1. Which percent, to the nearest 5, of DSSP beta bridges fully inside the stretch 21-136 are antiparallel?
2. According to the square roots a ≥ b ≥ c of the eigenvalues of the Cα gyration tensor, what is the shape class of the stretch 34-117, taking rounded for a/c under 1.5, prolate for a/b larger than b/c otherwise, and oblate for the remainder?
3. Output the peptides 119-125, 49-55, 98-104 sorted from most to least packed, where packing is the average of other Cβ atoms within 10 Å over each peptide's residues.
4. Tabulate in residue order the Karplus-calculated ³J(HN,Hα) for the stretch 116-130, using 6.51 cos²θ - 1.76 cosθ + 1.60 with θ = phi - 60°, rounded to whole Hz; enter x for Gly and Pro.
5. Given the pairs 36/68; 59/87; 31/131; 79/116; 31/79; 31/87, which span a C-alpha to C-alpha distance of over 21 angstrom in this model?
Amino acid sequence: MKRALALLTVPVLCAALAACSSDDKVGRSEKQTAEKYIAALNARDPQGLIDLDHPAPGKTGVKEQADKLIAESGGRGIKISDINVIKEFEPTLASVTISGTEGTGKPFSTVIVMGKEDGDWVIGLGNLPVKGTPKPTAGFGR
């Protein structure tokens with residue numbers, strides 16, 4: 001009886017493990033994305049920031065926003081002391097606070113909103129096109 005139970009348990013366990021591994025692709029974590037974000041800033045590497053973005057059809061302004069981030073915060077020699085990830089609304093959307101110090105010793109802190117796309121946590125650069133015409137909401141603001 002024990003042998004028959006063991007023979008039935010092995011296929012069920014294998015099927016369960018296969019289902020878990022095929023459905024949930026493990027990619028870049030929120031922490032890894034935050035670390036790469038700071039590395040790109042420190043290296044003054046706009047392409048490094050662009051590589052952390054999720055491309056979408058019709059998206060515009062990605063390069064311009066990456067260049068702006070580099071101009072504002074690039075090359076500061078930021079050293080990370082803490083990465084805090086908060087997921088309040090849904091498991092595929094996170095608010096990530098990165099704290100640390102600049103090379104000069106000045107405190108550094110920034111918040112990045114990330115989303116999970118195709119197994120990787122990504123940042124949002126640029127603008128997506130607006131589809132359709134916004135409809136006024138009846139009674140709103142009255």
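Rule-based calculations on the coordinates, nothing more; no lab input. What you see is a predicted model; the values in this text were computed from it and never measured. Cβ coordinates were reconstructed from backbone atoms using ideal geometry, including for glycine residues, and neighbour counts include every protein chain displayed.
1. Here the antiparallel bridges make up roughly 95 percent for the stretch 21-136.
2. Oblate, since a/c reaches 1.5 and b/c is not below a/b.
3. 119-125, 49-55, 98-104
4. 9, 10, 6, x, 10, 7, 10, 9, x, 10, x, 10, 8, x, 8
5. Table pairs above 21 Å Cα-Cα are 59/87; 31/131; 79/116.
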